[in-house]
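Everything below concerns the one structure shown next.
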Amino acid sequence: MRVTIEHREEAVGVTGSNKECYVDCKVEFSEEERAIIKERDLLREGFTVRTSTPLPTPTQFVSTGVLRVVGRILMITGVILGIAGTNFGFLFFVGMGLEIYGWVRMRRQDKRLESDEQTITVKQLLANPAFTVHAWNAGYAKSIEDEIRQHLVALKALIQNSAQLPASQTFEL
């Protein structure tokens, strides 16, 4: 198993003065490990870490609500103008697009508030070996890195211990 862990910081906000920290991890299995995973059906094995996205800001909630309101107004305006016989019926479709985008964005924000964790499975790592974890600051990112290392050491041990079935044993208690 080959693991690459990188820390990065991104500027956020209108002015870019706030910083968000992330821990990017890439896990590549050797061919031998892939064979063991396939043979022993270890695809569902995995671990849970913190989520990959920060909490939505109040500004994001407000802008999502505004998007949906504007979308509804444009849909109603488009229907009225379409019935009136003008060429502004396309506003209905623009409004519908904004409403759908706002709904998807709101759903994503709600899901983020519901769960602060993500589960990383072996199956996911085989399909896409990279995952990201959000950290509040650089110190917390270091503790997240340590946690990821512990999980991956345990996963490596599980794969190695699954290589061969233990021999039959007889003993008295």
Residue that is at pLDDT below 90 and surrounded by 12 or more Cβ atoms within 10 Å (Cβ to Cβ), where the choices are LEU43, LEU55, LEU74, LEU67: LEU55
- request: Could you check, for region 76-90, whether at least one of its residues is under 20 Å from the mean Cα position of the chain (by Cα) and more than 30 Å from LYS142 (Cα to Cα)?
  value: no
message: Anything in region 145-157 that is hydrophobic (A, V, I, L, M, F, W, C) and touching a residue at least 60 places away in the same chain (Cβ under 8 Å)? List them, or say none.
response: ILE148, LEU152, ALA154, LEU155
- prompt: Taking ARG105 and the conditions (1) among the basic types (Lys, Arg); (2) closer than 30 Å to VAL66 by Cα; (3) surrounded by fewer than 16 Cβ atoms within 10 Å (Cβ to Cβ), which numbered condition does it fall short on, given that it satisfies the others?
  reply: (3)
message: Condition check: among the hydroxyl-bearing types (Ser, Thr, Tyr) and either surrounded by fewer than 11 Cβ atoms within 10 Å (Cβ to Cβ) or touching a residue at least 24 places away in the same chain (Cβ under 8 Å) (or both). Does THR15 satisfy that?
response: yes
- line: Out of (1) of a type in the set (Val, Ile, Thr); (2) under 30 Å from GLN164 (Cβ atoms); (3) surrounded by 12 or more Cβ atoms within 10 Å (Cβ to Cβ), the one THR4 does not meet is (3)
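The values are calculated or read from the model by the stated rules, or taken from the named source; none is laboratory data. Remember, it's a predicted structure, so these values are computed and weren't measured experimentally. Don't worry about glycine lacking a Cβ; one is built from the backbone with ideal geometry, like all the others, and counts go over all protein chains shown.
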